[in-house]
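Beneath this line is the structure, given in structure tokens, with notes to follow.
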Amino acid sequence: MEDLVRLSVNIESFKYPDGYQALSNLKLDIRKGEFVGLLGANGSGKTTFLKVIDGLLKNFQGAALLDGADITKLSPKEIYKKVGLVFQNPDDQLFAPTVFEDVAFGPINMGFDEKEVTRRVESALKDVEMDGYARKSIHNLSFGQKKRACIAGLLAMGHEILLLDEPTAGLDPMGEYKMMNLLMKLNRENGVTVVMATHSVDLVPLFLDRLYILSKGHVVRGGIPEDVFTAPEDMSNVKLRLPQIAELIYRLKHEDKLPFDKIPLTIGEARKEIIRLVR
Ligand SMILES: Nc1ncnc2c1ncn2[C@@H]1O[C@H](COP(=O)(O)OP(=O)(O)O)[C@@H](O)[C@H]1O
Ligand SMILES: [Mg+2]
């Protein structure tokens, strides 16, 4: 990870046209190469925030900078060269009849020739483990494949910053892991900066470097998972909970007085702690 700040956001206030204040005093920086999670209950402002940093919502008070430039002043083209947003529902994003045509749409519009378009589509489909699906009808894809096709569409345009709105929502348990592994691979191997909104508390400690908890439109806590997942009450105050394994160890420590040093967030860490105690 580098120190270069790519997105710097300081939203004093954002109100929807009906007057609802969806974001307030929301300050955070996203650095090059980070894999960041925005964790929050339904209605906490995750989608609204992603739309602001994708340049879709502009009339807010405050500042949102992409590589130092005011996002509200950039053209869609300037934004889409760097940043891409994967919607929560792939059916809102996919529109072409076949996988190839959908993934090719971006590169074609960027003016690449046929050969380069094909190269980009093939490479993007390979990255999301969907090579061999190019000729398939979008209609016949599974939900998880549709989500991956959306990601391929953005990768084919060469986005350096990928924003994903609840990428694991609606996937089965295996699909959740596959999606998180894919995002981790894109982050670690391809150097893509990844920002994802989620409410999956059990999944995030396994994969994410940095988390921000959103509640009522602002960041209540941020940092590495160990610093963010604190006491159960703090989590329920923001309508979330601890990962289940952490909840168990927390109760064993505080109610049954077992001498755990720390509250592990994953099964792997919990296993080590328990073995240490038993020995
Ligand atoms: N178009 C809209 N007009 C008015 N209020 C909205 C609109 N979209 C979302 N909201 C409200 O803004 C708040 C944040 O919504 P959202 O960003 O979608 O939250 P999340 O993605 O965390 O579930 C919610 O209370 C929601 O009802
Ligand atoms: Mg949302």
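The values are calculated or read from the model by the stated rules, or taken from the named source; none is laboratory data. The structure displayed is predicted, hence computed values, not measured ones. Cβ atoms come from the backbone with ideal geometry, glycine included; neighbour counts cover every protein chain shown.
In table form, for the structure just shown:
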item	result
Filtered residues of region 169-208 (kept if under 16 Å from residue 129 (Cβ atoms) and of a type in the set (Val, Ile, Thr))	192
Only one of 201, 194, 220 that is of a type in the set (A, V, I, L, M) and in a loop (DSSP other than H, G, I, E, B)	201
From 248, 265, residue being modelled with pLDDT of 90 or more and more than 20 Å from the chain's Cα centre (by Cα)	248
Extreme residue, farthest from ligand 2 (Cβ to nearest atom), among residues of region 11-59 that are over 26 Å from residue 77 (Cα atoms), without any contact (Cβ under 8 Å) to a residue 24 or more places away in the chain and of a type outside the set (Asp, Glu)	19
Residue list for region 105-118, restricted to those being touching a strand residue (DSSP E or B) at 6+ places or on another chain (Cβ under 9 Å) and at pLDDT 95 or above	none
Residue that is farthest from ligand 1 (Cβ to nearest atom) [pool: residues in region 9-65 that are part of a loop (DSSP other than H, G, I, E, B) and basic (Lys, Arg)]	32
Residue selected from region 164-193 under the condition of a type in the set (Asp, Glu) and surrounded by fewer than 17 Cβ atoms within 10 Å (Cβ to Cβ), by the criterion farthest from ligand 1 (Cβ to nearest atom)	189
